[in-house]
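The structure follows.
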């Protein structure tokens, strides 16, 4: 199982390489995506992950769309089991931002590669991304709010930028050692 690398790893500061044509639809790309999904699954507070975060220098990110939905509500009955939506992993290969709103909004932000640090970023209210699916099919996806923030955060990763490079009001939370172990 791939581990999420932490700030200080050089791969997080490099500009990721485009996925070559030969990898589209290949078992190798499938294995990379499984490794990414597995690493993200182990982080219940994570909503997205870029390939460099597991030391893979390609321009890929994934979004756990099911984790971007509002939390399920239980009608005051603690006996009733919570029904979580099934995992839904959206894949963006060789993504690029093609459109942004003029308006930016302040957003609280953290990162699985900068564990325990949070801050306020100013992200576009709406963002449209052009990317490819694992089979090579091109698509565009627009989003606002959290999804727009995710698009910008993950594409920053692909460009060697961490949110702490431009965040304000950084705070450090104390986490148990097991929750923020640095990858070797």
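Contact list please: Cβ distance under 8 Å, first residue in the range 97-116 and at positive phi and touching a residue at least 24 places away in the same chain (Cβ under 8 Å), second residue loosely packed, with under 14 Cβ neighbours inside 10 Å and assigned to a strand (DSSP E or B), pairs at least six apart or on different chains.
116/172
Confirm whether residue 17 is surrounded by fewer than 17 Cβ atoms within 10 Å (Cβ to Cβ), at pLDDT 95 or above and closer than 23 Å to residue 142 by Cβ. Even if it seems obvious, please write down each step before you answer.
Values: surrounded by fewer than 17 Cβ atoms within 10 Å (Cβ to Cβ): yes; at pLDDT 95 or above: yes; closer than 23 Å to residue 142 by Cβ: no.
Against the criterion (surrounded by fewer than 17 Cβ atoms within 10 Å (Cβ to Cβ), at pLDDT 95 or above and closer than 23 Å to residue 142 by Cβ), residue 17 does not qualify.
The values are calculated or read from the model by the stated rules, or taken from the named source; none is laboratory data. Please read all numbers here as calculations on a predicted model, not as lab measurements. Neighbour counts run over all protein chains shown; Cβ positions are idealised from the backbone, glycine included.
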